[in-house]
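**Student:** Pasting a structure below so you can have a look.
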């Protein structure tokens, strides 16, 4: 056992923590050394998540109970806001993969605007690498602190960044209409997450105002070399897992929907294990990635000349959260990038 | 009983037929005189739809079995294509409310392009009135043949037509992203309608190519006085009923999102029983109209200057189909427009 | 308006309160005079339940704000335990329809055993009538205080009581396996009611230990004239509404499954509007009663000689809760028993 | 590659076929050599099941196209009835794992009674081993033809057989109330499998008359050494995967519910990887086994003296079908019994 990397998961009592445990339980090079959950400290993990009761796991403890020396890498699934202070307290020789929004935004003013308070760990923010693996692979491999993007940005940026970088689409007219499963809201007790409030229905929320758009603007702006503002609307869908983004784009004059397809196919070609571009004109469904780290992207020419529609799907808990965390850990610790992540989708 | 209007329902074995029966069963002025379903002729209606077994209804017969003289008005829920020939055979002194696409398009070339064959009842097409009640109320009241719109056009045109008419929004940059419950696909046996293919998932279909967009273009073009091409993408949601359209619009210079709100509030004011404009900045959910003939519309200013986002919800089987049919019948036969339609939503 | 009965609903911010409002909004003889919800006092009802925002309703107030004189009848949808003290404070000349468990059990010892404390309004308990309408119609019509049964007892007792009374089945071997939609758990914030904890899954709960069995035992014992203990297991089903009980019974020697069918058909014959016995050998589905006050019951002979299987369905929020409350109110105030309750099921 | 066992899957276009492919794709010792589907022959497998499009798989062919010599073991997922003739045509030196009902019943008269025609491969029926792995492990390891049980019998027999064998429970009063996800109905086009017919509802079917009870009676009778007739009712639940059986049993005089728990804990102890007995008084949920080959069993003492309630859950497509097929293949080909089957459940 001594050759296994020892990881700790902070905030392990939520769905993304449980998903990390599920994925890591079959990882050939990793051992879960500690699981924290402040309010449930003292409980067995299998009592909090009975679907994982068959695993040999440590019990839940508080963060204060941890001995950082024992761990090679820390996964952080804590709420926004508290994360920055916890991560600031981790010794600097420990690698960290964070899922909160605390270190995603490079612009301190943008952080303060969207999250309502000044950043409390400015030096760490400088150091953090944006953890969308396919876009920042080399930086992630060399990073100490990786800030994994939100699920919405992951689904939108994978197709959009290459198109903006290569100037295939206009940056002034991007519409991202996203649909998410309910697990994205986590296990917290909110009226809006109750079965009877969600099932047999759909609604939009955070219209024109969802925090994730700050990450989208940031990365599109970086790809464009100039500020970008995207239209973005998230919707809640009566399903556990899955995220689909329908993206409406305007082509740069002279470019066609086929150019979009070619650009994405070139960008995500043979080397990419987790991003797949469907044949021109075909679109994916979320059920085709359920439980996997895959992103599927389809491109269709719009009826309106000079425009195209892109459809992108991921599992919000895997490529949109815990799977991408493991993918990043693999790079940071020198494992195969796909280690622990090669499952087929669970359908039906 | 002799003062009740006698109606027949053609194609009564589908979901829209059953929904007509549900609504008409409590209508104070109407009696269901005949129900047809060619393949199920001879069966009791309560065997085909046990949830309606408690009603005193005629058995299913074939269309050939009908005696048109007995009926004051014919509801037609037949498939596209066959409808035009059946309606051509109905005596011209009988009123008809049709739910198929056969008489919705005024342009014969558009019909042929989208439906793949020349129209077979051209004179009737001239006479048909587009049955979006709030937009064509007077024409419907005077019509013999009303062609009710599809559910997607109903959800999109209710907010968009007044905005185009009043030149509040640009006609060159309209994006309609729609989400529908599965009942919209009907009771036909299709692999894509199986529970295991639909539940716990979402996908887009007919991207940039769905037939309903022909109706949307037609009515927006009429409102604009010039051709309009809209971007439109329908999605299938794992729920029985409900339709939500998220509409991204560009404002005419000098106009604001508040102007959109004011225009819609003015257009659908006190007199309108079934369309309700939410307070500025609020958006509706489909569960709020489940089982009702209501349309709820919300308006939000987009982050991108000069743009707004509109969210519109209906129950696809009621305002998007059978409820609007009854609403039109009420106008055509001189009943209160709301007769038989005043139920509150079923939630949860 | 002065001829309408004025009713108040205590605890109107839960699902059963909203369902009462939905049903009463179309009742020809009733006006909703007050709605209470302690923690949401001061809010508009349409903000708490947007699906009812189109109704003209009083705002939410606290119970202390009520003037009992203004109301003819009080609907009580408060939690178990607090109910008895609130009802004790209502003037004795006001009629009360209660949905809590507080007044269902006649035996004080049974109450204390199942609910963990001595009863606090013993005199009222003596007076209360068990509100299963079809079994206690005359008593309810004359009652001041009616204690409506739980949804599980309603679904089980409707078929079982006549069979025990008429000695068609043995009382020593009754198994009731019940399945309920999630709305039965109410709108309270519980981890077990979250969408992701419930959807795509089924589990049993309160096995051999659910409080509702006390009511079942009580009424079966009364029908038998001797103590009865039934086996009872409730299950949670990923659906909003609906309850199905599968009941396994042993026939008294000489009796057959057909005798069960004949007994139930005789008991719930022409006069009963809301209970329907299916043809021998057929079984009902919950979708056939969605949104209605109906109970459907089917009877099948078991493969094991001398045994039968009975399947009973209701909508847990209507016949299992608010619909039965209205049905009882109709009797207590002299309305038609079916007033406000004649809707067809919403399917799909 | 030459050391991998080469398997063929007959009837690969259904859900159980796809599930076999999913499980075998990660099996370290097996290669999928052929996939058949008569009506879809010529199609790519990834077009029929896009969630598996990332795998390198052979295209679909007809059974006539197969060269049996190339395969070491044949998985058969064909419909009941046709299976026996196909299997009769397979060379006798090839091992076969069958999922149909054709070879499950040892009694030819029982087969004819339940399936409506005389058996057409009587000699094979003699040879077939009943494929409930935990009960017939040694026979399966030595078998050429294994007839895997249905999902309902798997969930019921795992707890019941040891209790009958050890005379802990009476064989005269067993009630099995089972609940299944919709995927058990397969991908065939049936009105009853449509989303709108299944979602938001529950119903029983095949009451007292479902074919699977023949297997249950057979195996319970064998365990008892005398004929057993069980009461059995299956129900359809609006979920894709999962099966829960609630089993009501009468204890042999002198035995207690704790004896049931001890007997099952002894029978399924350390050595069993896939069956887990929960602590006394706890019951499992289907979400805890979603996507896995596990069976979880809970035991509760009933309120009625001398009786107990057992709750058993499996994933109907894994332990109830394809997972058990792989488990049996592992025994027949000498692999670790758990090879390819060690995934944690997908929750939420």
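Read-outs: derived from the displayed coordinates by stated rules, not from any lab. Just so you know, these numbers come straight off a predicted model, no measurement behind them. Note that we place each Cβ from the backbone using ideal geometry, even for glycine, and neighbour counts take in every protein chain shown.
**Student:** What FRET efficiency comes out for the pair residue B:70/residue B:26, r = Cβ-Cβ distance, R0 = 22 Å, nearest 0.05?
**Tutor:** 0.50
**Student:** Please give the residues of region D:187-225, grouped as numeric ranges, whose backbone N is less than 17 Å from a label point set 7 Å along the Cα-to-Cβ vector of residue B:189.
**Tutor:** It comes to D:187-198, nothing else.
**Student:** Work the Kirkwood hydrodynamic radius out for chain C: mean of 1/r over every pair of different alpha-carbon atoms, inverted, in Å.
**Tutor:** 20.5 Å is the Kirkwood radius here.
**Student:** So for region A:151-316: antiparallel DSSP bridges make up what percent, rounded to the nearest 5?
**Tutor:** Roughly 70 percent of the beta bridges in region A:151-316 run antiparallel, per DSSP.
**Student:** Return the ratio Rg/(2.2 N^0.38 Å) for region B:292-348, where Rg is computed over Cα atoms only.
**Tutor:** 1.51
**Student:** Label region A:227-281 by shape, choosing from rounded, prolate and oblate, from the square roots a ≥ b ≥ c of the eigenvalues of the Cα gyration tensor; if a/c is under 1.5 it is rounded, and otherwise prolate applies when a/b is larger than b/c, oblate when it is not.
**Tutor:** Here region A:227-281 falls in the oblate category.
**Student:** Mean-square fluctuation check for chain A, GNM, Cα pairs under 10 Å: which of A:305, A:284, A:79 is largest?
**Tutor:** A:305
**Student:** List, shortest first and in nm to one decimal, how far the label point of residue A:172 (7 Å from Cα along Cα→Cβ) is from its counterparts in the other copies.
**Tutor:** With the label placed 7 Å along Cα→Cβ, residue A:172 yields 1.1, 8.8, 8.8 nm.
**Student:** Treating the point 7 Å from Cα along Cα-beta-carbon as the label, what are the nm separations from residue A:117 to the other copies, to one decimal?
**Tutor:** 3.8, 6.8, 7.4
**Student:** In a Gaussian network model over chain B where Cα atoms closer than 10 Å are linked, find which of B:128, B:185, B:224 has the largest mean-square fluctuation.
**Tutor:** Answer for the Gaussian network model of chain B: B:185.
**Student:** While we're here: Relative to the longest principal Cα axis of chain C, at what angle does helix C:15-24 sit, 0 to 90 degrees, rounded to 10?
**Tutor:** 80 degrees
**Student:** Still on this model: Using a Gaussian network model of chain A whose springs link C-alpha atoms within less than 10 Å, name the residue from A:92, A:187, A:303 with the highest mean-square fluctuation.
**Tutor:** Highest fluctuation among the options: A:303.
**Student:** Expressed as an acute angle from 0 to 90° and rounded to the nearest 10, what is the orientation of the C-alpha long axis of helix B:212-224 relative to the principal long axis of chain B?
**Tutor:** On a 0 to 90 degree scale, this one is about 60.
**Student:** Could you pull the copy-to-copy label distances for residue A:80, with points set 7 Å along Cα to Cβ, in nm to one decimal and sorted shortest first?
**Tutor:** 4.0, 4.3, 5.5
**Student:** Another one. Give me the tail of P(r) for region D:83-171 as a percent: Cα-Cα pairs with distance above 19 Å.
**Tutor:** When all Cα pairs of region D:83-171 are counted, 44 percent exceed 19 Å.
**Student:** Further, regarding this structure: Return the inverse of the average 1/r over all pairs of distinct C-alpha atoms in region B:1-121, which is the Kirkwood hydrodynamic radius, in Å to one decimal.
**Tutor:** Evaluated on region B:1-121, it is 15.1 Å.
**Student:** So for region A:151-316, averaging the separation of alpha carbon pairs under 8 Å that are six or more residues apart and normalising by length, what relative contact order in percent results?
**Tutor:** For region A:151-316, the relative contact order is 29 percent.
**Student:** Tell me, what is the percent relative contact order of chain D, built from C-alpha pairs under 8 Å that lie six or more residues apart?
**Tutor:** Relative contact order for chain D comes out at 17 percent.
**Student:** Share of Cα-Cα pairs in region C:197-348 beyond 28 Å, in percent?
**Tutor:** 25 percent
**Student:** Once you have the Kirkwood Rh of region B:67-222 from its Cα pairs, apply Stokes-Einstein at 37 °C and 0.692 mPa s and quote D in µm²/s.
**Tutor:** Answer, rounded: 191 µm²/s.
**Student:** OK, next. Please compute the contact order of region B:1-105 in relative form: average sequence separation of alpha-carbon pairs under 8 Å and at least six residues apart, divided by the residue count, as a percent.
**Tutor:** The value is 28 percent.
**Student:** Let me ask another. Just for chain C, what percent of DSSP beta bridges are antiparallel, to the closest 5?
**Tutor:** 45 percent
**Student:** Here is a further query. Take the alpha carbon atoms of region A:1-44, find their radius of gyration, then divide it by 2.2 N^0.38 Å using N residues; give the quotient.
**Tutor:** 1.17
**Student:** Here's a follow-up. Is it possible to state the helix-based mean residue ellipticity at 222 nm for chain C, with each DSSP H run of 4+ residues giving -39500 (n - 2.57), the sum divided by total residues, to the nearest 500 deg cm²/dmol? What is it?
**Tutor:** The helix contribution divided over chain C gives -7500 deg cm²/dmol.
**Student:** A further question follows. For residue D:265 and residue A:209, what does the FRET efficiency come to when R0 = 60 Å and r is the distance between their Cβ atoms, rounded to the nearest 0.05?
**Tutor:** Efficiency computed from Cβ-Cβ geometry: 0.65.
**Student:** Sticking with this one: Consider just the alpha-carbon atoms of the protein assembly as shown and return their Rg together with their Dmax, both in angstrom.
**Tutor:** Both quantities, over Cα of the protein assembly as shown: 31.7, 90 Å.
**Student:** By Cβ position, which chain A residue lies least far from the axis that rotates chain A onto chain B, and what is the distance to the nearest whole angstrom?
**Tutor:** Value returned for chain A: A:177, 2.
**Student:** Among DSSP beta bridges whose residues both lie in the protein assembly as shown, state the antiparallel percentage, nearest 5.
**Tutor:** Roughly 45 percent of the beta bridges in the protein assembly as shown run antiparallel, per DSSP.
**Student:** Now for a separate question. Please give the residues of region C:32-60, grouped as numeric ranges, whose backbone N is less than 12 Å from a label point set 7 Å along the Cα-to-Cβ vector of residue C:4.
**Tutor:** C:32-34, C:55-58
**Student:** To check my understanding: the extent here is largest minus smallest coordinate of the Cα atoms along each principal axis. What are those three numbers for region A:56-95, in Å, largest first?
**Tutor:** 31, 23, 15
**Student:** Taking a point 7 angstrom from the Cα of residue A:333 along the C-beta vector, which residues in region A:50-84 have backbone N less than 12 Å away?
**Tutor:** From region A:50-84, the list is A:71-75.
**Student:** Work out, step by step, the length gained on full extension between residue D:47 and residue D:144: first 0.36 nm times the residue separation, then minus their alpha carbon distance; give nm to one decimal.
**Tutor:** Between residue D:47 and residue D:144, full extension yields 31.6 nm more.
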